[in-house]
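Comments concern the structure below.
The values are calculated or read from the model by the stated rules, or taken from the named source; none is laboratory data. Everything numeric in this text was worked out from a predicted model, so none of it was measured. Here the Cβ positions follow ideal geometry from the backbone for every residue, glycine too, while neighbour counts run over all protein chains shown. Note: areas computed on protein heavy atoms with side chains; ligands, DNA, RNA excluded. Shrake-Rupley method; radii C 1.70, N 1.55, O 1.52, S 1.80 Å.
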Amino acid sequence: MSAERRLLILAEGFSGDPHYGKTMRGVLRYRRDDVVAILDSTRAGEDEEGAPIVADVAAALPHAPTVALVGVATQGGRFPPAWREILRDCVTNGIGIDNGLHQFLRDDPELAPLARASGATLTDLRRPPDDLDVPSGANLDVPGKIVLTVGSDCAIGKMTVSLELDREAHARGIASRFVPTGQTGIAIAGWGLSVDAVIADFIAGAAERLVVEGSERGGDLLLVEGQGSITHPAYSGVTLGLIHGSAPHAYVLCHMAGTTEVEGYDGYPLLSLPKLVALHEAISLTRRPAAVACIALNTRHLTDDEARAAIAAAEDETGLVADDPVRFGAGRLLDAVLARVEPLA
């Protein structure tokens, strides 16, 4: 574990929630060695992935955290009132805070002065840089190959699929880079832009900046974390901006097995997988038409036999390779991606 970064994950009231606690779960899966403790008074004394769960900041101090990561997503992206004491206790003890919510802590009239006094650093992961603009065309000059995860719906594992493909690529000695576009991905990778906080006109420009930086970081294969869904009634805009700004050479289409409606929007049907494949390919950047390379299924609600049947059905329906990279490994999906985009540079 790095001596410079010892994470206390703040998950008060949400550490057991797979949806609202997704930042915590992502960091535990992909940056476990950095985590020294989790704060959630409702589960104090338990553990998660081997990390002890403590009741408050005082109980976390013996673990010597240097940074407190806000490990939850909340309704409206704001801190619940009960969190104020937790945040104050962090900064007064000199513990910096990495915050992925829409409510920025560097602007907080109480916490910002306390942090300056203690030397704690407040980092708002969703705060966009001031100099974003529209794309310049640099996305088309990136020497590596770009792969974007897209989805039939939101919150179905697009980030996880990108990370699993990145992990598999590294295991094969491929110079891949995960390109983070949201607060959880930024917390895992240590860089990136949260595109859902960017002015709409500049989302494509932000995506272009990310793939250029990913290439500069040594990536021959850039695995861009998708956001939203192109058919979602609320969050389609960010998806289109990512498609045109990242200028992918190929897509990985993600889908929650068994779902037929948009989550939280009763009566809004999901398109079939073949229609989604055709739609994404049709709306690609006209300078770089991209094809769907494979289907990544999230089968977490199914038994192993049901999952294998769902994968086989998706392959029959689309004619593309399908798999669940978390359950069965990312090897087949990466093979399909490489077959679509090689040579890498």
For this session: Determine if region 113-128 includes at least one residue that is open to solvent by 30 Å² or more (accessible area, probe 1.4 Å) and of a type in the set (D, E, K, R).
Result: yes
Exercise. Restricting region 135-157 to residues that are closer than 30 Å to residue 266 by Cα and in a loop (DSSP other than H, G, I, E, B), which is modelled with the lowest pLDDT?
Worked result: 155
For this session: Report, by residue number, each residue of region 1-14 that is open to solvent by less than 50 Å² (accessible area, probe 1.4 Å) and modelled with pLDDT of 95 or more.
Result: 7, 8, 9, 10, 11, 12
For this session: May I ask you to verify whether residue 288 is touching a residue at least 24 places away in the same chain (Cβ under 8 Å), of a type outside the set (Asp, Glu) and within 15 Å of residue 254 (Cα to Cα)?
Result: no
Problem set entry | Residue that is surrounded by the fewest Cβ atoms within 10 Å (Cβ to Cβ), among those in region 247-260 that are in contact with an Asp or Glu (Cβ under 9 Å, 6 or more places away or on another chain) and under 15 Å from residue 151 (Cβ atoms) | 258
For this session: Give region 211-236 a look and list any residue that's under 11 Å from residue 177 (Cα atoms) and surrounded by 24 or more Cβ atoms within 10 Å (Cβ to Cβ), or say none.
Result: 211, 214, 219, 221, 222, 223, 224, 225
For this session: Sort through 307, 313 and tell me the only one that's open to solvent by 20 Å² or more (accessible area, probe 1.4 Å), of a type in the set (Gly, Ala, Ser), over 22 Å from residue 142 (Cβ atoms) and at pLDDT 95 or above.
Result: 313
Exercise. Out of (1) at pLDDT below 95; (2) closer than 18 Å to residue 321 by Cβ, the odd one out for residue 248 is which?
Worked result: (1)
Problem set entry | Subset tally (residues that are on the phi < 0 side of the Ramachandran plot and open to solvent by 10 Å² or more (accessible area, probe 1.4 Å)) for region 29-52 | 15
For this session: Please specify each residue of region 158-190 satisfying the condition of being outside any helix (DSSP H, G or I), open to solvent by 10 Å² or more (accessible area, probe 1.4 Å) and touching a helix residue (DSSP H, G or I) at 6+ places or on another chain (Cβ under 7 Å).
Result: 177, 178
